[in-house]
1. Quick check on the chain: helices-only [θ] at 222 nm, where DSSP H runs of length 4 and up contribute -39,500 (n - 2.57) each and the sum goes over total residues. Nearest 500, please.
2. Leaving ligands, DNA and RNA out of it, rank K130, K90, K11 by accessible area with a 1.4 Å probe, largest first.
3. Using Cα pairs closer than 8 Å and at least 6 residues apart in sequence, work out the relative contact order for the chain, in percent.
4. Taking the Cα centre of the range 93-136 as origin, sum charge times position over the Cβ atoms of Lys and Arg (+1) and Asp and Glu (-1), and report the length of that vector in debye to the nearest 20.
5. Based on the Cβ-Cβ distance of H58 and S10, what FRET efficiency does E = 1/(1 + (r/R0)^6) give at R0 = 30 Å, to the nearest 0.05?
6. List the lysines whose Cα lies under 23 Å from the Cα of K84, skipping any in the same chain that are fewer than 8 positions away.
7. Leaving out same-chain residues fewer than 8 places away, which aspartates and glutamates sit with a Cα under 16 Å from that of K25?
8. Rolling a 1.4 angstrom probe over the protein heavy atoms, how many square angstrom per residue are accessible across the range 64-122?
Amino acid sequence: MVMAAVAIDSKTASALSRMGLTDSKAFGAGEDAHAVRSQLAVEIRKRALFVEAIVVSHTVIDERVARNELNVLERELAIQLIDKAPTVDKIIADGKRMFAPLCQRYDHFESRDRAEEHHASVAAASVIAKVLRDQAFD
């Protein structure tokens with residue numbers, strides 16, 4: 001599993017959107033999709049205020065799944081990423097129910113389903129995570 005966080009300003013969000021930034025899954029599979037995501041990841045890393053990712057090994061995932069704690073693990077990782085990031089006006093996470101408990105921890109936190117369709121920073125994090133996962137599989 002790879003989780004990522006990206007902080008961008010509105011100018012960067014617009015620029016990345018014009019370059020075709022969207023949810024990483026929207027590009028499909030195959031070499032062409034991987035090439036587009038990889039190029040976007042380069043642009044994201046160049047332009048973002050903050051980019052961080054956490055790679056979780058399959059053994060950790062297996063342990064947490066066995067204890068029925070996968071969502072707990074994902075919230076723990078989100079907290080690590082948020083706490084590393086600079087202060088921002090808004091924190092948005094993809095997964096309304098899964099990340100809803102973090103609204104109590106962070107005043108400016110919003111959890112929503114399909115957030116990558118509405119927020120460039122979430123789409124950027126999706127691309128960063130997908131590129132890292134692809135690299136790990138290669």
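The values are calculated or read from the model by the stated rules, or taken from the named source; none is laboratory data. Since the model is a prediction, treat every value here as computed from it, not as a measurement. FYI the Cβ positions are ideal-geometry reconstructions off the backbone, even for glycines, and counts take in every protein chain you see. Side chains included, ligands, DNA and RNA excluded: accessible areas come from the protein's heavy atoms. Shrake-Rupley method; radii C 1.70, N 1.55, O 1.52, S 1.80 Å.
1. Theoretical 222 nm ellipticity from helices: -16000 deg cm²/dmol.
2. Values: K130 55, K90 110, K11 165 Å².
Descending order: K11, K90, K130.
3. The normalised contact order for the chain reaches 40 percent.
4. 140
5. Rounded to the nearest 0.05, the efficiency is 0.20.
6. K11, K46, K96, K130
7. Here the aspartates and glutamates satisfying the reach criterion relative to K25 are D94, D113, E116, E117, D134.
8. Roughly 65 Å² per residue, with all protein chains present.
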